[in-house]
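Colleague: Submitted below is the structure of interest, expressed as structure tokens.
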Amino acid sequence: MVRFENVGLRYGSGPEVLHDVDLSLEPGSYHFLVGPSGAGKSSLLSLLYLARRPTRGLVTMFGSDIASAPRASLPEMRRRIGVVFQDYHLLDHLTTFDNVALPLRVAGVGSAQIREHVMELLEWVGLGDKVDVQPPFMSGGEKQRVAVARAVIGQPDLLLADEPTGNLDQAMAHRLMRLFEELNRQGTTLLIATHDTNLPLQFPHPVLRLDQGQLGLDG
Ligand SMILES: Nc1ncnc2c1ncn2[C@@H]1O[C@H](COP(=O)(O)OP(=O)(O)O)[C@@H](O)[C@H]1O
Ligand SMILES: [Mg+2]
């Protein structure tokens, strides 16, 4: 699904923030990505969702080297990836329903099916009463749940989540983690970035650790 070889990333002329990253995500795998704030977790994810290209090394996604892949193939690859951004990236002028429905509309799913699917998921994440509300009128935790719902609704091949439980209480965090488990059982490959060292203790998935831009596997 994903292979990184000797990947390095720097922003502009600044120092390298990722060094010699080797990473391989097999289809159907589930990893946590941990590391202190500033370690490079969000930067690594931005390479994975194809927002950036590495400054050195090789990134292969879905079997294609992204440096030589035709530009026109990138949107197609992105559609296979669900992303929960640390700062949500919701569309402020759309309601909760329409934010979450977006990936299904892009995929051409019929409106009756969209309605059923979106409502079911919104009930699951505890937003059944926020369906018609726009993001500016919601709390951080509510927006985070909208972002998670939007990322998972289309059953992406790869789900990348950046601190997806950062603004949630324990019970809701656990509920979302169960949603991720279910998605993984249905075949989605997951990488969940967190600085919460508790999550990897509760769910038995291998842990990738980033420290000052270097990646290692725990245990
Ligand atoms: N857009 C950017 N421009 C310049 N430096 C950045 C940018 N984004 C992140 N950085 C730097 O890259 C390093 C890693 O940051 P980040 O990937 O956000 O880490 P984490 O998500 O683990 O907290 C930090 O030193 C941060 O300041
Ligand atoms: Mg981050």
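Laboratory data are not the source of any read-out in this text; all were calculated from the coordinates shown. This one's a predicted model, so the numbers in the text were calculated from it and none came from an experiment. Heads up, the Cβs are rebuilt from the backbone with ideal geometry, glycines too, and the neighbour counts pull from every protein chain shown.
Colleague: Find out how many positive minus negative residues lie around Leu104, taking Lys and Arg as positive, Asp and Glu as negative, among other residues whose Cβ is under 15 Å from that of Leu104. Walk me through the intermediate numbers first.
Modeller: Values: positive: Arg79, Arg80, Arg105, Arg115, Arg150; negative: Asp98, Glu116, Glu120.
Here the count lands on +2.
Colleague: Can you list the HN-Hα couplings for segment 165-176, worked out from phi with the Karplus curve (6.51, -1.76, 1.60; θ = phi - 60°), rounded to whole Hz and with x for Gly and Pro?
Modeller: Once θ is set to phi - 60°, the couplings for segment 165-176 become 10, x, 10, 10, 6, 3, 5, 5, 4, 5, 4, 5 Hz.
Colleague: Can you work out the Karplus-derived ³J(HN,Hα) for every residue in segment 130-137? Use 6.51 cos²θ - 1.76 cosθ + 1.60 with θ = phi - 60°, whole Hz, and x for glycine or proline.
Modeller: With coefficients 6.51, -1.76 and 1.60, one gets 10, 3, 9, 9, 9, x, x, 9 Hz.
Colleague: Follow-up question, since we're still on this one. How long is the gain from Ala51 to Gln134 if the chain were fully straight, where each residue apart is worth 0.36 nm and the alpha carbon distance is subtracted? Each step should come with its number before you reach the end.
Modeller: On the way: separation 83, 0.36 × 83 = 29.88 nm, distance 2.57 nm.
Separation in residues times 0.36 nm, less the Cα-Cα distance, equals 27.3 nm.
Colleague: Another question about this same structure. Assigning unit charges at the beta carbon (Lys, Arg +1; Asp, Glu -1) and nothing else, what dipole magnitude in debye, to the nearest 20, does the chain show about its Cα centre? Each step should come with its number before you reach the end.
Modeller: Details: 20 positive and 25 negative charges, 103 e Å.
Once rounded to the nearest 20, the dipole reads 500 debye.
Colleague: First check a/c for segment 28-87, with a ≥ b ≥ c the square roots of the eigenvalues of its C-alpha gyration tensor; if it is under 1.5, answer rounded, and if not, answer prolate when a/b is larger than b/c or oblate otherwise.
Modeller: On the way: a/c = 1.85, a/b = 1.52, b/c = 1.22.
The shape class here is prolate.
Colleague: State, as an integer percentage, the relative contact order of the chain based on alpha-carbon contacts under 8 Å between residues 6 or more apart. Write down the numbers at each step before the final one.
Modeller: Numbers: 378 pairs, mean separation 67.9, N = 219.
Across the chain, relative contact order equals 31 percent.
Colleague: Also, I was wondering about something else. Classify segment 86-166 as rounded, prolate or oblate, taking a ≥ b ≥ c as the square roots of the eigenvalues of its Cα gyration tensor: rounded when a/c is under 1.5, otherwise prolate if a/b is larger than b/c and oblate if not.
Modeller: Working: a/c = 1.61, a/b = 1.19, b/c = 1.35.
Since a/c reaches 1.5 but b/c is at least a/b, the shape of segment 86-166 is classed as oblate.
Colleague: Continuing with the same structure: Would you please calculate the Kirkwood hydrodynamic radius of segment 21-123 over all C-alpha pairs and express it in Å, rounded to one decimal?
Modeller: Values: mean 1/r = 0.0615 Å⁻¹.
Result for segment 21-123, one decimal place: 16.3 Å.
Colleague: Return the loop-located trypsin sites (Lys or Arg not before Pro) in segment 64-128 (DSSP other than H, G, I, E, B) with at most 16 other Cβ atoms within 10 Å of their own Cβ; answer none if there are none. Write out the running numbers ahead of the final one.
Modeller: On the way: sites: Arg71, Arg78, Arg79, Arg80, Arg105, Arg115; in loops: Arg80.
Those that pass, being in a loop and sparsely packed, are Arg80.
Colleague: Counting pairwise Cα distances across the chain, what percent come out greater than 24 angstrom?
Modeller: The share of Cα pairs beyond 24 Å in the chain comes to 42 percent.
Colleague: If you don't mind, another one. Once amide H atoms are placed 1.01 Å from N in the peptide plane, what residues at a sequence separation of 5 or more from Leu159, or on another chain, have their amide H within under 5 Å of its amide H?
Modeller: Close amide H contacts, sequence-distant or interchain: Gly82, Thr189, Leu190, Leu191.
Colleague: Which ³J(HN,Hα) values, rounded to whole Hz and listed in residue order, are derived for segment 181-190 from phi using the Karplus coefficients 6.51, -1.76 and 1.60 in 6.51 cos²θ - 1.76 cosθ + 1.60 with θ = phi - 60°, glycine and proline given as x?
Modeller: Each residue's phi maps through the Karplus curve to give 4, 5, 4, 5, 4, 8, x, 6, 7, 10 Hz.
Colleague: Another question, then. Positive end of the charge dipole of the chain (Lys, Arg +1 and Asp, Glu -1 on Cβ, about the Cα centre): tell me which of Thr60, Ile192, His31 has its Cα farthest that way.
Modeller: Highest projection toward the positive end goes to Thr60.
Colleague: Work out the FRET efficiency for Ser37 and Glu182 from their Cβ-Cβ distance, taking R0 = 30 Å, and round it to the nearest 0.05. Could the numbers behind the result be given before it?
Modeller: Details: r = 29 Å, r/R0 = 0.98.
Computed FRET efficiency for Ser37 and Glu182: 0.55.
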